[in-house]
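Undergrad: Below is the structure I would like to discuss, written out as structure tokens.
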Amino acid sequence: MSSRSAAPTLEPPVPLPVTPASELATISRLRPRETWALLKPYWVSSASKGGWGLLLVIVALSLGLVYLNVVFTDWNRLFYNALEQRDFAEFRTQLWRFCWIAAAIIIASIFKLYYTMMLQMRWRTWMTEQFLDRWMAHQAFYRIEQTRATDNPDQRIADDLRVFTDSALSLGLGLLSSVVTLLSFVGLLWVVSGPVSFALFGTEITIPGYMVWFAVAYAVIGSLIMHFVGRPLIGLNFQQERYEADFRFMLVRLRENAEPVALYRGEPVEQAALTGRFGRIRANWAQLMDYTRRLTFVRSGYGQFAIIFPILVAAPRYFSGQMTLGGLMQVSSAFGQVQGALSWFVDSYGELVGWKAAANRLIEFRHAMESAERDAAQRDGVHQIAVRSTSAPEIAAHGLALNVPGRPLDQPLTEPFDLRIAPGERWFVSGPSGCGKSVLFRAMAGIWPYGAGDITVPDATRPMFLPQRSYLPVGTLAEVLCYPDGAAAHPRARLEEVLTACRLAHLADVLDTFDNWSLRLSPGEQQRIAFARAVLQEPAYLFLDEATSALDEETEAAMYTLVLERLPGVALVSIAHRSTVARFHTHRLLYRPVVPAGTAGKTGQGGVGAVSYRVQASVIAANPAADPGPEG
Ligand SMILES: Nc1ncnc2c1ncn2[C@@H]1O[C@H](COP(=O)(O)OP(=O)(O)OP(=O)(O)O)[C@@H](O)[C@H]1O
């Protein structure tokens, strides 16, 4: 019998972290100007015409429902009077009246909900498109990941935008009904409460409609206390969203990497990490519970005291004989309506803080995207790599010093170097691991601003980059093959022919099969899919970053031969550790470490004595003697 340990529990191994008060205060800020800047754009955009139309219909339906409720209240009086007076004719009339009032309420409620949902989706669609545009433009999605400028952009686009638009509408419509109710009852309360007079420092003071002022004061004080007690909930909701998204992301990562984790027997580590992430959810939840308890205390106290408060306020007039019991009850009921309408803030506080948290997460996300846009716009070639397109046919780099985030500007990863890659040339890039070979490719692709110098690329050419693990979207194999173009970009016969040429003939029958191909295909097959893409797209410049690392030498040679046959004029730039690849190239780019004097051995990224690299270009075929070889 195996002696397996007891089933793992979700108890965290370390004390649960608690969000510090200072951080909570920062993320709970109200930011009214920026929130307005989030709310406004849709309603002033050209797309908002339909939205305004829907909003008007919804507002009309809401007002209609308030009116129907007033009619219904009146119906109650008439119907029960008819019953009391045993007036059958009136009873029948009121029954018919009930039918149409009820039908009108049902129809108005259904359409109000239906159109509200329609408007929510319109607004959300517009905002999602705006956010997606900005996230994709200037490759902000990539920069944000590189600099870790914000957490879980996916959650902000998928969830926060939904909460933001849905709650903005439901809160706005709730506010509107409260205002309408307030307007309907404030006049009545003013009249029935009458004036109150008292002497202050010998002066007789009279307050007309004094119950209205008491209702206002009661609601204002209640709202202020509510906000004072509940404000940290904005930050806690903010964090809760973040921790939930972190947890979900980790679960998805585990799913995506199920095989390597299973092979490593990494379950305990993964489970500990998941438990830790879940622990943060629990810790934050405990804080949320605490503040919600305080808030509920205030809200319940506020609601309960509101029952007795108008009677207490009106009692002096009642006991002095200025008011009848019926009058007292009427005042109390009108006060309840007015105070209820004024209590929109108190009643909606829970939804308001959730909405504000979503708004703050979106504001933060927008800042991150703006800073990515600024990064893209401000490439001055001094502290950032500037990439320009020119009419010259070659790719050229001038004074290019590659760097990485967090490393001092005056100690870049590579010393400045020049490079010129002409059409048809084939460059073999080699050097120690971590020297910045892939970083060079990223810089040439225009997605790596860290460093200095400038790069010019020929316009109207689309260089193609094949990394070690190419991106395979979830979809049909034809879509995977044609990515980033659509599946219809190439005729079916061509796809089959190219698959066969890339030694993937066995996949020709499943071109229409939908799957997560990155989990289904072997790494070697995935690399051949990448070669098939290159053959299909016929780029003028092809960059291969260890793109054959999963292939045997014979297949690797076959892939290079295929590319050179099918794309005879292509400029090829390959990063590879295997020297067998070198023979397909005409030039070499070699990285050599330059260790600062007196610091040999004390290497560390970005620290004192960090290794820099000197990048040297040489010709392989024309001058083999000058070729220093991979070991230098
Ligand atoms: N986003 C980043 N933030 C900080 N450092 C980074 C980042 N991306 C890369 N680096 C660092 O930059 C250095 C160069 O990375 P790069 O991927 O170019 O190495 P490489 O020469 O391609 O290595 P290998 O041969 O192992 O693939 C490495 O030390 C790496 O850790």
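Undergrad: Which condition number in (1) closer than 26 Å to Trp36 by Cα; (2) at pLDDT 90 or above; (3) surrounded by 13 or more Cβ atoms within 10 Å (Cβ to Cβ) is the one that Asp133 fails?
TA: Of everything listed in (1) closer than 26 Å to Trp36 by Cα; (2) at pLDDT 90 or above; (3) surrounded by 13 or more Cβ atoms within 10 Å (Cβ to Cβ), Asp133 misses just condition (3).
Undergrad: Same structure, new question: What number of residues in the range 26-49 are among the small types (Gly, Ala, Ser) and surrounded by 13 or more Cβ atoms within 10 Å (Cβ to Cβ)?
TA: 3
Undergrad: Test Ile281 against the criterion of being surrounded by fewer than 16 Cβ atoms within 10 Å (Cβ to Cβ) and either of a type in the set (Val, Ile, Thr) or within 30 Å of Thr181 (Cβ to Cβ) (or both), and give yes or no. Write out each step before concluding.
TA: Values: surrounded by fewer than 16 Cβ atoms within 10 Å (Cβ to Cβ): no; either of a type in the set (Val, Ile, Thr) or within 30 Å of Thr181 (Cβ to Cβ) (or both): yes.
So Ile281 does not fit the description; no.
Undergrad: Something else about it: Restricting the first residue to the range 71-89 and requiring it to be touching a residue at least 60 places away in the same chain (Cβ under 8 Å) and in the same structural domain as Ile101 (by TED's automatic domain parsing), which pairs with a second residue that is of a type in the set (A, V, I, L, M) and not in a helix (DSSP H, G or I) meet a Cβ separation below 7 Å and a spacing of at least six or different chains?
TA: Pairs that qualify, where the first residue is touching a residue at least 60 places away in the same chain (Cβ under 8 Å) and in the same structural domain as Ile101 (by TED's automatic domain parsing) and the partner is of a type in the set (A, V, I, L, M) and not in a helix (DSSP H, G or I): there are none.
Yes/no per residue for (1) closer than 17 Å to Ala219 by Cα; (2) outside the structural domain of Gly209 (by TED's automatic domain parsing); (3) in contact (Cβ under 8 Å) with a residue 60 or more places away in the chain:
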{"residue": "Arg280", "(1), (2), (3)": "no, no, yes"}
{"residue": "Gln287", "(1), (2), (3)": "no, no, yes"}
{"residue": "Thr296", "(1), (2), (3)": "yes, no, no"}
{"residue": "Phe319", "(1), (2), (3)": "no, no, no"}
{"residue": "Gln322", "(1), (2), (3)": "no, no, yes"}
{"residue": "Gly326", "(1), (2), (3)": "no, no, no"}
{"residue": "Met329", "(1), (2), (3)": "no, no, no"}
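Undergrad: Only one of (1) closer than 23 Å to Thr461 by Cβ; (2) away from the ligand (no atom under 16 Å from the Cβ) fails for Leu521. Which number is that?
TA: Unmet for Leu521, out of (1) closer than 23 Å to Thr461 by Cβ; (2) away from the ligand (no atom under 16 Å from the Cβ): (1).
Undergrad: Let me ask another. Checking the conditions here, which among Arg77, Arg86 is farther than 21 Å from Val180 by Cα and in a helix (DSSP H, G or I)? Steps first, please.
TA: On the way: Arg86 fails: in a helix (DSSP H, G or I).
Going through Arg77, Arg86 in turn, just one is farther than 21 Å from Val180 by Cα and in a helix (DSSP H, G or I): Arg77.
Undergrad: Would you check if there is a residue in the range 219-230 being in contact (Cβ under 8 Å) with a residue 12 or more places away in the chain and either farther than 15 Å from Val298 by Cα or outside any helix (DSSP H, G or I) (or both)?
TA: The answer is no; no qualifying residue exists.
Yes or no, residue by residue, for (1) crowded, with 19+ Cβ neighbours inside 10 Å; (2) closer than 12 Å to Gly340 by Cα; (3) of a type outside the set (A, V, I, L, M, F, W, C):
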position: Ser197; (1), (2), (3): no, no, yes
position: Thr203; (1), (2), (3): no, no, yes
position: Thr206; (1), (2), (3): no, no, yes
position: Tyr210; (1), (2), (3): yes, no, yes
position: Ala215; (1), (2), (3): yes, yes, no
position: Met226; (1), (2), (3): yes, no, no
position: Pro232; (1), (2), (3): yes, no, yes
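Undergrad: Now a separate question. For the range 369-376, state whether one or more residues are in contact with a His (Cβ under 9 Å, 6 or more places away or on another chain) and within 16 Å of the ligand (Cβ to nearest atom). Step through it out loud before you land on a result.
TA: We begin by selecting, within the range 369-376, every residue in contact with a His (Cβ under 9 Å, 6 or more places away or on another chain); these are 369, 372-373, 375-376.
Going one step further and asking which of them are within 16 Å of the ligand (Cβ to nearest atom), we end up with 372, 375.
So far as the range 369-376 goes, yes, one or more of its residues are in contact with a His (Cβ under 9 Å, 6 or more places away or on another chain) and within 16 Å of the ligand (Cβ to nearest atom).
Undergrad: Right, here's the next one. Pairs needed: first member in the range 530-545, within 17 Å of Pro473 (Cα to Cα); second member anywhere, among the aliphatic types (A, V, I, L, M) and in a loop (DSSP other than H, G, I, E, B); C-beta distance under 7 Å; at least 6 residues apart or different chains.
TA: Qualifying pairs under 7 Å: Ala530/Ala547; Ala532/Leu504.
Undergrad: Being hydroxyl-bearing (Ser, Thr, Tyr) and in contact with a helix residue (DSSP H, G or I) (Cβ under 7 Å, 6 or more places away or on another chain) is the filter here, so list the residues in the range 258-291 that pass it. Break it down stepwise before answering.
TA: Just the residues of the range 258-291 that are hydroxyl-bearing (Ser, Thr, Tyr), to begin with: 264, 275, 291.
Passing the criteria: only Tyr291.
Undergrad: Quick one: which of Met444, Met464 is under 20 Å from Pro393 (Cβ atoms) and crowded, with 22+ Cβ neighbours inside 10 Å? Step through it out loud before you land on a result.
TA: Values: Met464 fails: crowded, with 22+ Cβ neighbours inside 10 Å.
Result: Met444 is the single residue among Met444, Met464 that is under 20 Å from Pro393 (Cβ atoms) and crowded, with 22+ Cβ neighbours inside 10 Å.
The values are calculated or read from the model by the stated rules, or taken from the named source; none is laboratory data. What you see is a predicted model, and the numbers here were worked out from it, not measured in a lab. FYI the Cβ positions are ideal-geometry reconstructions off the backbone, even for glycines, and counts take in every protein chain you see.
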